[in-house]
Structure formats: structure tokens, C-alpha cells
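See below for the structure under consideration.
None of the figures in this text is laboratory data; all of them are computed from the coordinates on show. Quick caveat: nothing in here was measured; it's all calculated off a predicted structure. Ideal geometry is used to build each Cβ from the backbone, glycine not excepted, and the neighbour counts take in all protein chains shown.
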Amino acid sequence: MKKTIILAAMATLSLAANAEEAKKDSVNPNKPVFTTIIENPITSIKNQARSGTCWNYSTLSYFEAEILKKTKKTYDLCEMFVCNKNYMDRAVLKVRMHGDAQFSQGGSAYDVLYVLQNYGICPEEAMPAPGSLYGDTLNNFNQLFAVMEPYVKAVATKDVKKLNPAWKNGLQGILDAYLGKCPENFKYEGKQYTPKTFAASLGLDWNDYVSITSYTHHPFYTSFPVEVQDNWRQPGSWNLPMDEMAEVIENAVRQGYTVAWGGDVSEDGFTRDGLALLVDTKSNDLAGSDMAKWLKLSATEKKNKIKELGVNVKEETPSQEKRQEEYDNWTLTDDHGMLIYGIAKDQNGREYYMVKNSWGETGDYKGIWYMSKNFIVAKTMDFMVNKNAIPAKIRKKLGI
């Protein structure tokens, strides 16, 4: 009996050891292990859900981080307030242009700054929770835009001699029904505010914020509106050589600032697991031969290959010429807005920016993406930053 118990115990230990070994074998040894170098304070991860509002979530998150840095206070600013005001303004432009302007869910970081400056803002709690007005638990703009787009198009393209301004009342009703009515007054932490007085109470100087980009079809050290459809208000971005654009991002994060980043995530190297690498498609380590073979792989096969290689993925070196070429041929696109807030390195020493996303706590890092510095530099469309985070020598060149 005693011998049987001992043998059973030994068998159990053996099974446990084999299971642990199998578990170790199943783990990808190339999976990145990150060490944080710098991590600036940010607010909680949000979820834009089924809405094209990354521009809104990322930029309000940026201003929340700016407030944290300056005042140490934590705010949850209301994205639907910004949407309500912004979509009305965008519809007005389309109507004014007789339909020759885009009306869509997208936008830019400047749209948020414009709303803060001109309309103010309210805390999240001062408006209905996203989705709650139509029985959902998160944003779902599918029906909202299915209603708004034909409405705005009909007004904008109607052949009439004189436009009746009543159309604005109808559109405002749609916006209020789906997003909530923007409050004229509200109470926050025992004090009464209007949206404008609340924005003024946040302690930020709206004149501190500038946009940076890097392209050669405009002179460096001048400002121009980046030519993408969602940049519909046409604010200017300061045009820097690529290396100086990269220097601004690096300096900002190392000086305790965050960066409201807009760029291209429709790339093979951007994964849903929380990793982004500027994949060198000509590398033998990736494809086993040349670029032609790599291009024959399906999107899923590419993602799996990148995941398998992990930290051993070979990266391209960004160049000014490649950035311009991809911008001109439409392969560098204006896809997504995110918040750069830290720097980390993997076990091979490669450095990444820590980037807050707005897809909820998804991926391997619960809503945080590790995007290599090469990827960020190559795939940046533009970004918003506090002008005080720009190195003094570059500010001097820009005259700001």
C-alpha cells in the first residue's frame, strides 16, 4: 500500500514536470520582453468601440496627460461633447461648399483643440454614457452616420436659390439623440461651470500646442496644412526634416511630455497583439528568400511570421525619401491616432515608444502598444506636441 502511494506520487510529479516542460516549449522564445526606460503619467485606457473617433480619444487623452503633468489632477474629459460640436461644424462646411467637402467620422488632433478653444469641454459625467441613448454599452456610430450622411448630402446638394437654415436644427436633433445634448451648465466637484469656464479651469494655455510633420513637397521650417481629407479645418503643421521630427518626439518624452500621434497602422508590422515594427521585407530572416516571396504570403501568414520571429524581426531604416514616396503614392496613410507616453527596450536592446491606444484593454499589454522608433518615424503623418517640449535649437529655426 505504501509503495503504491509513493509510485502514484512520483507519477504525479512526473506528469507535472512534463506539463511544465511542454508549457515552456510552447512559449515563443522570441517574444519581446520589455524593460521600461521612461513612463510618463497618463489617464486610463478608453474604448472608442464602433466609432471612427481615434482622433478624439487620443487627443483628449493627450490633454488629460498635459493636465496631469501641469497640475497633478486627473480628469476624464468628454469625447461625445467634442463629437457633437465637431460634426456640426463639419456638416456646415460641406453645406457651404455645396457638397464638395468630405463629411465622415474621422478628424484630426486640431479638431479637439479647436473645440476646447471655441466651445469648451465638460467632464465625462456631464453627458450620457456613450451608446446609452440607443441601448448600447459603448459607441456605435454605424446608424448615426447612416442617418447623418444622407441628410447632410441632401441639404448640401439641393438645387435651391436660397438655403433654409432650419436644416441645422434637424441635424442638431440627430446629434443630441445619439450623442447627448451638450450641457450649457453643470456642476463638477461642488462648483458650477459652463463648458467654457470648465475648459479655462484646466490650467492649460491653448497657444502652447503645435503640429509637426516632415515632407519634402513643402519647404522645411515652414507651416502647411497636411493634405489629407480628415484635416478638413486646414490647420498648419510645422515641416521639419525627418531627423529633427524624430528629435522632437524623443525630446518630448524624455522631458516628461506626451505626444498626440497620428499615422499609418495599416502595415504588416503593426499587430493586434500590441507590437509595431518597421519590417524589412527584403530580409532573409523574414521570407527565406527575397521580397517577392514575402509579398506572396497572406496577411495572416505575414502576421504569424512576424510573431514567430518577435525580437529577431529585421527592420528597415527610415528615410526622408521613402516617407515622401509613400505619402505621394498613398501607401503612407492617415489611419489612426494614439498617444506616445514612454520609452522601453526589448531583450535585444531595440527601443520602442510606449503608446496608449483607444481600443479598450486589448492585446498582450492591455491597451498599450510597443511601437519601434523606426516604425514611428517612418509612419508618422503628423503629431501634436507642447511647443515647450521642442528642443530650443529647433524652436529657434521655426521662430516659435
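In terms of the mean number of neighbouring beta-carbon atoms within 10 Å, the peptides 262-271, 316-325 order highest first as 262-271, 316-325. Over every Cα atom in region 361-400, the radius of gyration and the widest Cα-Cα span, Dmax, amount to 14.8, 42 Å.
Region 315-349 and region 139-175 have Cα centres spaced 37 Å apart. Placing +1 on the Cβ of every Lys and Arg and -1 on the Cβ of every Asp and Glu, with no other charges, gives region 47-186 a dipole of roughly 460 debye about its Cα centre. Estimated translational diffusion coefficient (Stokes-Einstein, Kirkwood radius over Cα pairs, 25 °C, 0.890 mPa s) of region 146-284: 120 µm² per second. When the alpha carbon coordinates of the chain are projected onto the principal axes, the ranges are 95, 58, 45 Å, largest first.
Over the C-alpha trace of region 77-174, radius of gyration and Dmax come out as 14.3, 44 angstrom.
Above 21 Å lies some portion of the pair distances; for region 166-233, what is it as a whole percent of all C-alpha pairs? When all Cα pairs of region 166-233 are counted, 61 percent exceed 21 Å.
Once Lys and Arg get +1 and Asp and Glu get -1 on their Cβ, which of 154, 209, 130 lies farthest toward the positive end of the dipole of region 128-240? In region 128-240, that residue is 154.
Ranked by the mean number of other Cβ atoms within 10 Å of their residues, highest first, the peptides 130-139, 175-184 fall in the order 175-184, 130-139.
When the Cα positions of 179, 399, 318 are compared along the charge dipole of the chain, 179 comes out farthest toward the positive end, with charges on each C-beta of Lys, Arg, Asp and Glu. Seen from a random direction on average, the alpha-carbon convex hull of region 313-388 projects onto 6.5 square nanometres. Here the chain carries DSSP beta bridges of which approximately 90% are antiparallel, counting only pairs with both residues inside.
Summing Cβ point charges (Lys, Arg +1; Asp, Glu -1) relative to the Cα centre of the chain gives a dipole of roughly 680 debye.
Based on the Kirkwood radius over alpha-carbon pairs, what value in µm²/s does the Stokes-Einstein equation return for the translational diffusion coefficient of region 25-119 at 20 °C and 1.002 mPa s?
Values: Rh = 15.9 Å.
Stokes-Einstein gives a translational diffusion coefficient of 135 µm²/s.
Rg/Rh for region 196-262 (Cα atoms only, Rh after Kirkwood) is 1.03. The angle separating the long axis of helix 299-309 from the principal Cα axis of greatest extent in the chain is about 50 degrees. Here the extension length gained between residue 89 and residue 158 equals 22.9 nm, from 0.36 nm per residue of separation less the Cα-Cα distance.
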